[in-house]
Structure formats: structure tokens, C-alpha cells
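Take a look at the structure set out below.
The values are calculated or read from the model by the stated rules, or taken from the named source; none is laboratory data. In this text the structure is predicted, and so the values were computed from the model without any measurement. Every residue, glycine among them, receives a Cβ derived from its backbone with ideal geometry; neighbour counts consider all protein chains shown.
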Amino acid sequence: MSSNNKYKNFKFMQFISLLVVSLGLALCSQSIFAEESDKEKIKLLEQRLEQSEQLLKKLSQQLTELKNKVENTPALEEQDERITELEDSVEEIDEKVGSRAVVHGFDGLKVDVGGFIHSALTIIDGENSSEASFNRQNFELLIKADLNEDWSAFFAGGFLRESDDPFILGSRTSPSFNSVSKSPQIIAWTNYRYNDALNVRMGRFITPHGIINQEHFPAILLDPEQPQFLRPFGGDTLFPNFSTGLQLHGKRFVGKDGANKLDYNIYASNFAGLSNETIFGGRAGLTFGDSGIAVGGNLASGSRVRQGLINDYDLWGIDFLIDKGRLLWKTEIFATDEDAGKDRLGFYTQPALRLNNQWLVFYRYDELDNGGDTVGDSIENMLGFNYTPSSNIRLRATFTHKTMESGFDRAAIFFPEVDADIVQFSGTFSF
Amino acid sequence: MKQANTTLKFLFYSLLGLTFLSSQNGSAADCAVVVNASNSYSADESSMRKQAKRLFLKELMQWPGGTASKLYVRENSTPIHNDFLQDVLNKTDAEYASHWLSVKQKTGETPPRAVKSIKILLRLIGKKEGAIGVISKAEAAELTENVKILFQCN
């Protein structure tokens, strides 16, 4: 090999060595730089990991909170049920109120308003003539207000278009109808309830005697004419149907295990037709457990005008009720001991049979001896049907055979016995 | 008068027998009467039943002890309500309606509030001290801590 070639080889080898060294240096420097970059990345990753951990903790906390919330929140099903009821209520209220004005009571806890319309057609076949008339078209408005937990007030006002007693208006033999408009204040009392055993009632109230007088309202009466001793409406044939004054009343359960109900009323009041005389009276009633049997004793002492004079009287009476299953039987007897004129006696018994939930048939024997203020005793035998297609609609048909016994009037003129047949169709629609 | 007396006697004897005609349905009733848990009234079941009946019919207005009652029933014609009428009040639907018509007209008192939803019923009873209401036996599982069962229907 020539020296020239050796030189070339040497240079070549030198070049290769330099190249290798350069490459080595380059590679070394690169790995050094890469190492530094990894550290930064790791640092960055560590930071991110720390952030993630914090985020996870935060999320975990939120998750726990949400879980607690969910556990304490009513189930979807429950919420659905509540929402459905609320929607139903809103729809119901909307249907009732709609765009109309909402009525508010001035004051008090609660005000309830109700009432009824009562209509009747009466056909009388008298001894000498027959008459027919739509003789009752009555509207009564009832308002009850709870002033607070213990005080309440009740009002019943009537807008009545009705005929008076057809046998007094005409005569015993030729009954006659009139049509008179009246708007009486029927009831207006306030009641203080100390407890169930003691209530104090003030104002105008139904005189608390017997069964039917206390029921009073046509909506619940099988026969709206009521027994004879309670006629005329608002009168005081044996005792006033209504009184104005003060009444104590209440109930208590007595006997073994408190099975029997004892209720009482004691009152001091005026009759509207004789406002300066006071009537004292009361009733005590006992209901025997769930037997449906109840008996009441009544006493009163008062005054009334008879033949233009004030007459004192004492009253006693017994009422007896069976209300069990299909049977509804009411009986009352009242008698007076009058200082002037003859004593008075009123008696009826009214058994009724509930044929089903809608139909009821009843019979009533009803006798009144009004102490000679009219001629003879008056006896009614009544057969009637009630049809109640719904609880607030009562339709009735009654047939009454009425006998007015013979006797003398105040001028000692003799009147023979007369009969009359009365058919009445009536309906009471309450709300 | 004699004729009238004979008529009365006949009616008396023939109708007296009808007092015993009322019959009762023997099937088990699916209802329970519940009260606010703070209600301390306690008695044997028979007395509790009488008390509940008198309250629900507003023959009584307060619990023994003087707490005013707040009444809740279920909607008319539902199985719970029918069972309640039969087992607790011993009345048919028509008798129940007739009772309230009479009470409303005589004193202005109105029937207990009817509640459809068991949840709302339990909330109302749980809130008011003198509250009493009716649930089905199955609904007893949903009782909250402020409502307790007074007695179960038979």
C-alpha cells in the first residue's frame, strides 16, 4: 500500500472516528435532555394526579350529598301520588270557582253555607168541595260559622211562599188555600262549647222538645207538614216551635263502658208571640247503646195567649224512637195543664220501613185535642212514600184521611163530624 | 178511638219484629283507624271503637282530656271507606249520608274531610294532635313516626 493510500485510510478512519464521537456526543446530549423532560412530565403528571384526587374527593362528597338528598326525598311514586292529589284538588277548586269571585268570611275559622228549596202540591177532597194548590214554595238559607275553636254561630233564614191551614182559612167542609209570602228569621244562635257535656246557646233556637220538632227541616222529614201539635209553623199549639233565649245542652256517655248516651237541654226563653213572658223547660234523652232505641222526657212551664188572656200552662211529654236497620219508628205524646180553658193533648206514632236505600214507606196516626180552641179533636191517618234518589233530594207522596170530630164552638154552636182526604206531592232539594 | 187502638196494637206487634231484622256482613274489613302519635288516649278495643265512632259522627267533638278532634276519612265508595262504614260506624252508605244531611241541617256541622292520597292523609294526621283517620291494612306499612294505629278493623 502506498503512503498516499495510507494517508487516505488514516483520514478516512479519522473522519469515521470523529463521526462516531459526534454521534455519541449527540446521542448522549439527547438522552440527557430527554431525562430532564421526563422529570418535568412526571412532575406535571403528579400535579394532575393531585388535582384529580382533589376532584375525585369533591365529586365523592357531592355524590354523598346527593345520595343523602335522594334518600331523604320522597320516592317518585310518592311524589306522583301527591302531585296527582294536588292536581285533582286544583282541578276541583278550579271547576267550582273558575273565574268567579271567591267568597271570604269577614272573620272566623270557617263559614259553611247550605240550604234547601221545598215545593209541594196539595189536593184536598173536602166534605163539600175540593181544592188543589201548589201551596208551598219555600227557600231556606243555612249559614254556620266557626268563630274560633269554642264559639260558633248558626243562622237559618226563610223566604217562604206558602198557604196557611186550609181548614181554618175556609171551613171544616170547604177547605181553601191562600198564598202568603213570609221571610222569617227561623234560627239565629251562637254557641259556646265548654266541652261535650256543657254547651251554652244564646239566641233564637228550635225549642228542644221531642223528636220531629228538633228535626224540623223538611230535608230530613218524612212528611213536611209535621204532626198536628207542631202546626202551624212557628206557633205554640202545645209548646212554641221556636224560642228566643238561653239554652244549656250537652251529652255524656253513661252506663257500663259508657255504652248509653245521655243528652239534655235546659232553656229559659220567650215565645215570639209573647215576648214578655218567660218559658222554662227542658228535655233529657237516653239512647240505649247501639240498640237504636231512645227515649226522652220533656217538661216545661210557660204562658200563652188564649181567648185574649194570658194563660199559664205546664207541659209534659215523652218521645220514643226506634231507629234500627229497616225500621224507623217515632212516637211522641205531649199534654198540657192549662190554667184557663181545657187542657191540650197531642199524640202521634209514625212507624216507617226502609224498603231499600232509596224507598221508604211510613204510616202515621196523629191526634190533636187542642183544648176546645177549635171544634172537636182532629185525627189524621197518613200513609206515605219517600223516594231519595240521592241523599240531598227527597221526593214524597202522602195520602191523609183527616177526621174533624163533632163538637161545639165557643159560641156553643154544634158542628157535625167531617172528613177530608188529602193527597200531597212534595220535594225537598237541599245543598 | 177503639179502632185506632186496634190499629196501633197491630202495627206495634208487626213492626216490633222488624227491629231485629238488621243483619251484618261477616266478611273481614280491610281498614285501620290511625291517630297522631302524640295522642295519649288509651282504652280497651271496644271503648276505642265507640270513641272513634262518636268522634267520626261528631257526637263528640273532643278526645277524653279535651283535645279537639280533627277527622279524616277516605273518598266515598272506595273499598276502605265502605269497610270503615261497615266495621267502625255500623252504617250503610245511605245511612251515613242521611246522618250528615240531618246534622248539617240541624247544627251546620259538616262531614269529615275525605282524603284520597295516603301520603297526604298521613301528613295531615301527623301534623295535628287530635287528628284521627282511616287507612287500609296494607297502607299501615307506610306509617310515619308521627302516626300510630289506634285499632284495626275486624
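Kindly check whether there is at least one residue in region A:329-352 that is crowded, with 17+ Cβ neighbours inside 10 Å, facing chain B (nearest Cβ under 10 Å) and farther than 29 Å from A:Ser301 by Cα.
There is at least one residue in region A:329-352 that is crowded, with 17+ Cβ neighbours inside 10 Å, facing chain B (nearest Cβ under 10 Å) and farther than 29 Å from A:Ser301 by Cα.
Working only within region A:315-365, note down all residues that are of a type in the set (A, V, I, L, M) and either over 24 Å from A:Ile279 (Cβ atoms) or within 27 Å of the chain's Cα centre (by Cα) (or both).
Of everything in region A:315-365, those that are of a type in the set (A, V, I, L, M) and either over 24 Å from A:Ile279 (Cβ atoms) or within 27 Å of the chain's Cα centre (by Cα) (or both) turn out to be A:Leu321, A:Ile322, A:Leu327, A:Leu328, A:Ala352, A:Leu353, A:Leu355, A:Leu360, A:Val361.
Do you know which of the residues in region B:59-71 that are out of contact with any Leu (no Cβ under 6 Å at 6 or more places or on another chain) and either surrounded by 15 or more Cβ atoms within 10 Å (Cβ to Cβ) or basic (Lys, Arg) (or both) is farthest from B:Ala97 (Cα to Cα)?
So, considering only residues that are out of contact with any Leu (no Cβ under 6 Å at 6 or more places or on another chain) and either surrounded by 15 or more Cβ atoms within 10 Å (Cβ to Cβ) or basic (Lys, Arg) (or both), the one farthest from B:Ala97 (Cα to Cα) is B:Thr67.
Scan region A:422-429 and give yes if some residue there is in a loop (DSSP other than H, G, I, E, B) and more than 18 Å from A:Asp165 (Cβ to Cβ), otherwise no.
Checked against the condition, which is being in a loop (DSSP other than H, G, I, E, B) and more than 18 Å from A:Asp165 (Cβ to Cβ), region A:422-429 yields no hits at all.
Scan region A:372-382 and tell me whether some residue there is within 12 Å of chain B (Cβ to nearest Cβ), more than 20 Å from B:Tyr96 (Cβ to Cβ), assigned to a strand (DSSP E or B) and of a type outside the set (S, T, N, Q).
Looking for residues that are within 12 Å of chain B (Cβ to nearest Cβ), more than 20 Å from B:Tyr96 (Cβ to Cβ), assigned to a strand (DSSP E or B) and of a type outside the set (S, T, N, Q), one finds at least one in region A:372-382, hence yes.
I'd like the full set of residues that are part of a helix (DSSP H, G or I) and either hydrophobic (A, V, I, L, M, F, W, C) or without any contact (Cβ under 8 Å) to a residue 40 or more places away in the chain (or both), limited to region B:66-84.
Those that are part of a helix (DSSP H, G or I) and either hydrophobic (A, V, I, L, M, F, W, C) or without any contact (Cβ under 8 Å) to a residue 40 or more places away in the chain (or both): B:Ile80, B:Asn82, B:Phe84.
Do the conditions hold for A:Asp290, that is, is it out of contact with any strand residue (DSSP E or B) (no Cβ under 8 Å at 6 or more places or on another chain), within 14 Å of chain B (Cβ to nearest Cβ), under 26 Å from B:Arg49 (Cα atoms) and acidic (Asp, Glu)?
So A:Asp290 fits the description; yes.
Go through (1) within 25 Å of the chain's Cα centre (by Cα); (2) surrounded by 18 or more Cβ atoms within 10 Å (Cβ to Cβ) and name the single condition A:Leu198 misses.
Every listed condition holds for A:Leu198 apart from (2).
Kindly evaluate A:Gln137 against the criterion of being among the polar types (S, T, N, Q), in contact with a Lys or Arg (Cβ under 6 Å, 6 or more places away or on another chain) and at pLDDT 90 or above.
yes
Assigned to a helix (DSSP H, G or I) and more than 25 Å from B:Arg123 (Cα to Cα): which single residue out of A:Gln61, A:Gln79 fits that description?
A:Gln61
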